[in-house]
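Input: a single structure, listed below in structure tokens.
The values are calculated or read from the model by the stated rules, or taken from the named source; none is laboratory data. Just so we're clear, the structure is a prediction, and the values are computed from it rather than from any experiment. Cβ placement follows ideal geometry from the backbone for every residue including glycine, while neighbour counts extend to all protein chains displayed.
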Ligand SMILES: Cc1ncc(C[n+]2csc(CCOP(=O)(O)OP(=O)(O)O)c2C)c(N)n1
Ligand code: SF4
Ligand code: SF4
């Protein structure tokens, strides 16, 4: 594997996320933990791939890796290891840090021993997220040192050096990335791989137990550490000034991915500027920033999302009693919304610097194009569950939903998604609807979501006897984020055997009295099960069990089993359109004269359309009845 | 190399667009050309629209900006039009001629435009090359080589800073032995289709 090669100086092409994994390996990582989430997933998936391939070859990986139950557990597992002196990395998507934040905030009081990097993958523009929160606030909120890479190679280097920084100040370091760093490939120059430490040793220390008296002692220690980090920031190789043209008093301050746009446009627009590129963005190098303000007449601040650098620069300018003009978000030149790109930054620069915008957009085409919205795959078991639910439930039913492939049930014809806040919220909001209304409630969550944060609200439903139906869509994987294993699998992220936990056992243990376990591919039985669950007074849980068809078919192919695609017998078809407009598998399409056909390239052979066809017109191709 | 090369690859999820972009990136690295490859896709479900930027040379922004693509390669006709904002009148546009109908159209919710009109429109924006990549790939051995046909077509233009042989070499290095012959044919098929123009 290229990513494991100990060939310093070799150039390879890596994804930003893979580069972070490589940086950790170069630093001699001992333990890595995660809960998956786009755009962070490939960092952990790369650790998993390495571990699984070594396990397969009966070799011992040099690090421990796990897909933890949720982000908070992931952070706690790694924090303890770091406190024993090991080097640890925990990665998650931005909203994952909300889940881990309870541990995060006080972990900073306690501090770490072995270097610990916490990667937050933010998602400006919500490419695959429920919000676009700016997690740089977490660094300021909790007082964590923060690094922000601009390119994959810088991500590798910041990860590697980040461990040293973390050990020097004894604080976990936040490596804050955004989608456009996580998901770009660029040239990486490999550095030497250090040996991991292997085993840690725990030294007991009363300062680790944050009872109020200790917490009050730890807080000033944290502030001292962050002062020390500021000194490091002043000298950091990641904070630097780049001159473009013949600088004439204009300065640009930028960080992360925005630097790339600034640099390219400063060159292309022939600007005469000094660029202060900040890579260590908490604490910012105060002295360096002061000098930059003093030696500039005007400053432009380019940062995606929140005005975090901008506000800090205003404070510094205020303290200096400087009259400097600061252009950014509050001047109206840059937005607090969405991801930036060359077009957006060029537009702002042309206004600020009064130069011609080099980017010329062609006129828009008048042809309206059909959209290609994401849809549940052909043969997805979630579709079958939803079909049964719609048959069983009254019209006014409220459907609190959750995050996973099944959220796509929001689209017509199903429209079984009425409220979504965050992972696990389906069952909690279901309880609230039960208290507030007389409507029927059926909520949905996936199995990975169930283990992540779906269990406490079920306990709430049992304890308070809320009249809800909670559905667990058990497809045996974390499908949405790339099919990672979870506690319901009998193997773990390192490819080792693991104890499989059954959803229904947990639900039973929570005290739920009415539990239905169904195979959604048996649509009639599933419909009946939902009817019974709805009739039950009090909390009922339906566990709908059928593996994700992509995994199922992959396994079938491996075993050499044939997958039969389905076809419609045009003589039997009465054109009732139930299959195409009510069941709506994306493999269906209209041919000439409203004939209904199945695209054999797309069909995954689940056979559910054959069950719902009232005229028995659908059957597997090449199988005689 | 001097200057910048901006390449847009588009198509529908599952057609190998991202793989093609990554191979281009690896080929550039091998030729010691600075390169960024980036993929933009919403929820990575099959059947969605995919768009990748490959930038080479003196570049630091990872995504191609509007009106600056040297070439747009599309494995589906309307997907070329969807990303037409990247074109200028010198942009080469290579597209497969075979539509992939979105399910919003197959179930009658939306309309797929008249294919002739799509080509006319593309022609107005840049220098259009149409190829039957489905046929070329099937002749080479299998439809899954369609992305390699498109790379062959790209190599036939003067856009890349290295020779077709160099790109083919990288392709073959990244493909298991038993599929090498098929992909070589696909690449050459794409190359010929553009050379014939
Ligand atoms: C706090 C948080 N962590 C991670 C994610 C990313 N994420 C989106 S859906 C999902 C889980 C999907 O798995 P599952 O619930 O089993 O549903 P499936 O996709 O398999 O249908 C994850 C981890 C998130 N949105 N929020
Ligand atoms: S990946 Fe699996 S769970 Fe997700 S939509 Fe496709 S079949 Fe359904
Ligand atoms: S068998 Fe029917 S429902 Fe299942 S994937 Fe094929 S066409 Fe779709």
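Quick test of your reading of the structure: residue A:407 fulfils all but one of (1) away from ligand 1 (no atom under 13 Å from the Cβ); (2) at pLDDT 95 or above; (3) within 14 Å of chain B (Cβ to nearest Cβ). Name the failing condition by number.
Result: residue A:407 fails condition (1) only.
Identify all residues within region A:515-551 that are away from ligand 3 (no atom under 16 Å from the Cβ) and out of contact with any helix residue (DSSP H, G or I) (no Cβ under 6 Å at 6 or more places or on another chain); write none if there are none.
Passing the criteria: A:525, A:528, A:529, A:532, A:533, A:534, A:535, A:536, A:537, A:538, A:545.
Given the criterion at pLDDT 95 or above and within 16 Å of ligand 2 (Cβ to nearest atom), identify the matching residue among A:544, A:619.
It is A:544.
Please verify whether region A:372-388 includes one or more residues that are within 16 Å of ligand 1 (Cβ to nearest atom), in a helix (DSSP H, G or I), within 14 Å of another protein chain (Cβ to nearest Cβ) and touching a strand residue (DSSP E or B) at 6+ places or on another chain (Cβ under 9 Å).
yes
Scan the helices (runs of 4 or more DSSP H) fully inside region A:239-350 and keep the ones with 1 or more residues being within 14 Å of another protein chain (Cβ to nearest Cβ) and under 33 Å from the mean Cα position of the chain (by Cα).
A:258-268
Hey, which of the helices (runs of 4 or more DSSP H) in region B:92-197, taking only ones fully inside, have at least 2 residues that are modelled with pLDDT of 95 or more?
Correct list: B:115-125, B:133-140, B:146-156, B:164-173, B:180-195.
Mind checking whether some residue in region A:513-526 is part of a loop (DSSP other than H, G, I, E, B), without any contact (Cβ under 8 Å) to a residue 60 or more places away in the chain and closer than 21 Å to residue A:456 by Cα?
Yes, because at least one residue in region A:513-526 is part of a loop (DSSP other than H, G, I, E, B), without any contact (Cβ under 8 Å) to a residue 60 or more places away in the chain and closer than 21 Å to residue A:456 by Cα.
Could you list all residues from region A:581-604 that are over 17 Å from residue B:47 (Cα atoms) and surrounded by 19 or more Cβ atoms within 10 Å (Cβ to Cβ)?
Those that are over 17 Å from residue B:47 (Cα atoms) and surrounded by 19 or more Cβ atoms within 10 Å (Cβ to Cβ): A:583, A:596.
Restricting to region B:14-40, count the residues that are modelled with pLDDT under 90 and at the interface with another protein chain (Cβ under 8 Å from one of its Cβ atoms).
2
Being in a loop (DSSP other than H, G, I, E, B) and touching a strand residue (DSSP E or B) at 6+ places or on another chain (Cβ under 6 Å) narrows it down to one residue among A:494, A:480; which is it?
Criteria check complete, one pass: A:494.
Answer yes or no as to whether residue A:360 is within 13 Å of another protein chain (Cβ to nearest Cβ), away from ligand 3 (no atom under 16 Å from the Cβ), farther than 30 Å from residue A:507 by Cα and part of a loop (DSSP other than H, G, I, E, B).
yes
In region B:89-101, which residue that is surrounded by fewer than 21 Cβ atoms within 10 Å (Cβ to Cβ) and in contact with a helix residue (DSSP H, G or I) (Cβ under 8 Å, 6 or more places away or on another chain) is farthest from the other protein chains (Cβ to nearest Cβ)?
The qualifying residue farthest from the other protein chains (Cβ to nearest Cβ) is B:97.
Among the candidates A:4, A:54, A:14, single out the residue that is over 16 Å from residue A:482 (Cβ atoms) and free of Cβ contacts under 8 Å to residues at least 24 places away in the same chain.
It is A:54.
Are any of the residues in region A:466-476 closer than 28 Å to residue A:38 by Cβ, in the same structural domain as residue A:420 (by TED's automatic domain parsing) and within 16 Å of ligand 3 (Cβ to nearest atom)?
yes
Hey, among the residues in region A:603-621 that are in a loop (DSSP other than H, G, I, E, B) and near ligand 3 (Cβ under 8 Å from one of its atoms), which one's farthest from residue A:519 (Cα to Cα)?
Taking the candidates together, the pick is A:603.
Restricting the search to region A:603-625, which residues are within 14 Å of chain B (Cβ to nearest Cβ) and within 16 Å of ligand 1 (Cβ to nearest atom)?
Within region A:603-625, just A:604 meets the criteria.
Give me the pairs: first residue in region B:102-113 and more than 7 Å from chain A (Cβ to nearest Cβ), second residue at pLDDT 90 or above and in a loop (DSSP other than H, G, I, E, B), beta-carbon distance under 7 Å, and six or more apart or on different chains, which are they?
Final answer for the pair search is none.
If I ask for residues that are within 16 Å of ligand 3 (Cβ to nearest atom), crowded, with 22+ Cβ neighbours inside 10 Å and in a loop (DSSP other than H, G, I, E, B), which ones from region A:397-413 would you list?
none
Condition (residue is surrounded by fewer than 19 Cβ atoms within 10 Å (Cβ to Cβ), facing chain A (nearest Cβ under 10 Å) and outside any loop (DSSP other than H, G, I, E, B)) applied to region B:68-79: is it met by at least one residue?
Looking for residues that are surrounded by fewer than 19 Cβ atoms within 10 Å (Cβ to Cβ), facing chain A (nearest Cβ under 10 Å) and outside any loop (DSSP other than H, G, I, E, B), one finds none in region B:68-79, hence no.
Determine whether residue A:185 is more than 16 Å from ligand 1 (Cβ to nearest atom), in contact with a strand residue (DSSP E or B) (Cβ under 8 Å, 6 or more places away or on another chain), closer than 28 Å to residue A:425 by Cα and at pLDDT 95 or above.
no
What is the one condition in (1) within 16 Å of ligand 1 (Cβ to nearest atom); (2) on the phi < 0 side of the Ramachandran plot; (3) more than 9 Å from chain B (Cβ to nearest Cβ) that residue A:393 does not satisfy?
Every condition holds for residue A:393 apart from (1).
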